[in-house]
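Structure, as structure tokens:
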Amino acid sequence: MRDDVHGFLAMLAAMDRRAMDEVSVEESRAAYALIGQVAEVDPHPLAVVRDLVCPGPAGDIPLRVYDTREHREPGPVVMFFHGGGFVIGDLETHNAFCTELAKGLDLPVIAVHYRLAPEAPFPAAPDDCEAASRWVAGSPSELGRQVTGLVTTGDSAGGNLTIVVTQALMDDPAGVPVRVQAPIYPIASPLEETESYKAFGDGFFLTARSMEFFDASYKPDEGDKRRYPILHEDHAQTPPTVLITASLDPLRDSGREYAAHLVQSGVDVVYLEARGSIHGFVNMRKALPSAQADVNALIGAIRLMLERHP
């Protein structure tokens, strides 16, 4: 365990925090936002940070556009899906990380605020993320960018949505293809019997109890590939993939299993693991300064894949 991770976990252990299933959904969302305000670095100033909406299956979907340039030539666009167990999280909780992606990749980033459970249970989240990605792939005039390909990415629940959207656009192509997918500590396969779930399900920030609360709210179909995208029939057609996990994360082995499955299917994969770190590190970089190097490695690997597969 890294020193900064140890200190952060010790601080959390000393706090009198109630579990998510002991408070209202609104309180859980506010608590998650507060952690981000305290634990995350400030966002980078960018030339473009703009909110807009796109049509979705149940009404308009809020989006946020990030770009280091006001004007740019045609090129790929990054689709970002935030984490939070499909229940918490929004455009604000991952704002700083999206500015990091836009600056590090020098690409436009489109963050998607999909519908959340329990108000909108499964499959509302994947439906919204797929709809937003198809809209962006069509280079709508509201976007002000000519899109030649997509890079899909997101953390935790958003890592699941990254893979799910990529698979949906493999099965039914959009206006442009997914060039690279980059799930961040994703839920890709069943967790409960994995070594990491058993070892790190309590005391390592993300808990088994929280995940049970998320599942009870999200109400996923356990046999649906949108719940566990490892169930997809054909992984050989998966785009080049960058996948990062944390070694002290209950979700670690799900990410490892999916990455190994892609390698065995002949997909070009870069697998990274943040050794000694925990779930959620990408947007807790003030509390966990060592996480910046992991984020830099992730961005570097995405750039590498885009260069290898122009």
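The values are calculated or read from the model by the stated rules, or taken from the named source; none is laboratory data. Predicted model, so just to flag it, every value in this text is computed and none were measured. All Cβ positions, glycine included, derive from the backbone under ideal geometry; neighbour counts span all protein chains shown.
Residues that are touching a strand residue (DSSP E or B) at 6+ places or on another chain (Cβ under 9 Å) and within 19 Å of residue 177 (Cβ to Cβ) were ranked within the stretch 255-269; the one that is surrounded by the most Cβ atoms within 10 Å (Cβ to Cβ) is 262. Evaluation of residue 34 against the conditions (1) surrounded by fewer than 19 Cβ atoms within 10 Å (Cβ to Cβ); (2) in contact with a Gly (Cβ under 8 Å, 6 or more places away or on another chain); (3) over 30 Å from residue 146 (Cβ atoms) shows that the sole unmet condition is (2). Scanning the stretch 37-49 for residues that are surrounded by 14 or more Cβ atoms within 10 Å (Cβ to Cβ) and either of a type outside the set (D, E, K, R) or not in a loop (DSSP other than H, G, I, E, B) (or both) yields 39, 41, 43, 44, 46, 48, 49. Taking the conditions (1) polar (S, T, N, Q); (2) surrounded by fewer than 18 Cβ atoms within 10 Å (Cβ to Cβ); (3) out of contact with any strand residue (DSSP E or B) (no Cβ under 7 Å at 6 or more places or on another chain) in turn, residue 139 satisfies each one other than (3). Within the stretch 215-228, residues that are touching a residue at least 60 places away in the same chain (Cβ under 8 Å) sit with their Cβ atoms under 9 Å from residues that are of a type in the set (S, T, N, Q), at 6+ positions apart or across chains, in these pairs: 225/167; 226/160; 226/167; 227/160.
Is it the case that some residue within the stretch 165-182 is of a type in the set (D, E, K, R), under 23 Å from residue 310 (Cβ atoms), at pLDDT 95 or above and surrounded by fewer than 24 Cβ atoms within 10 Å (Cβ to Cβ)?
As a first pass, look at the stretch 165-182 and keep what is of a type in the set (D, E, K, R): 171-172, 179.
Right, trim to under 23 Å from residue 310 (Cβ atoms) and you get 179.
With at pLDDT 95 or above added as a condition, the list becomes 179.
Cutting the leftovers down to surrounded by fewer than 24 Cβ atoms within 10 Å (Cβ to Cβ) gives us 179.
Yes, the stretch 165-182 has at least one match.
Among the residues of the stretch 214-234, is any on the phi > 0 side of the Ramachandran plot and either touching a strand residue (DSSP E or B) at 6+ places or on another chain (Cβ under 6 Å) or surrounded by 19 or more Cβ atoms within 10 Å (Cβ to Cβ) (or both)? Give the derivation first.
Narrowing the stretch 214-234 to residues on the phi > 0 side of the Ramachandran plot: 219.
Keeping just the survivors that are either touching a strand residue (DSSP E or B) at 6+ places or on another chain (Cβ under 6 Å) or surrounded by 19 or more Cβ atoms within 10 Å (Cβ to Cβ) (or both) gives none.
Checked the stretch 214-234: no residue is on the phi > 0 side of the Ramachandran plot and either touching a strand residue (DSSP E or B) at 6+ places or on another chain (Cβ under 6 Å) or surrounded by 19 or more Cβ atoms within 10 Å (Cβ to Cβ) (or both).
On the basis of being at positive phi and in contact with an Asp or Glu (Cβ under 9 Å, 6 or more places away or on another chain), does residue 84 make the cut? So residue 84 passes the test. Here residue 252 clears all of (1) surrounded by fewer than 15 Cβ atoms within 10 Å (Cβ to Cβ); (2) modelled with pLDDT of 95 or more except the condition numbered (1). So if I check each of 166, 152, which one is farther than 13 Å from residue 226 by Cα and of a type in the set (Val, Ile, Thr)? The conditions single out 152.
Conditions tested, residue by residue: (1) loosely packed, with under 14 Cβ neighbours inside 10 Å; (2) free of Cβ contacts under 8 Å to residues at least 12 places away in the same chain; (3) of a type in the set (Asp, Glu).
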position: 13; (1), (2), (3): yes, no, no
position: 70; (1), (2), (3): yes, no, yes
position: 73; (1), (2), (3): yes, no, yes
position: 81; (1), (2), (3): no, no, no
position: 85; (1), (2), (3): no, no, no
position: 95; (1), (2), (3): no, no, no
position: 101; (1), (2), (3): no, no, no
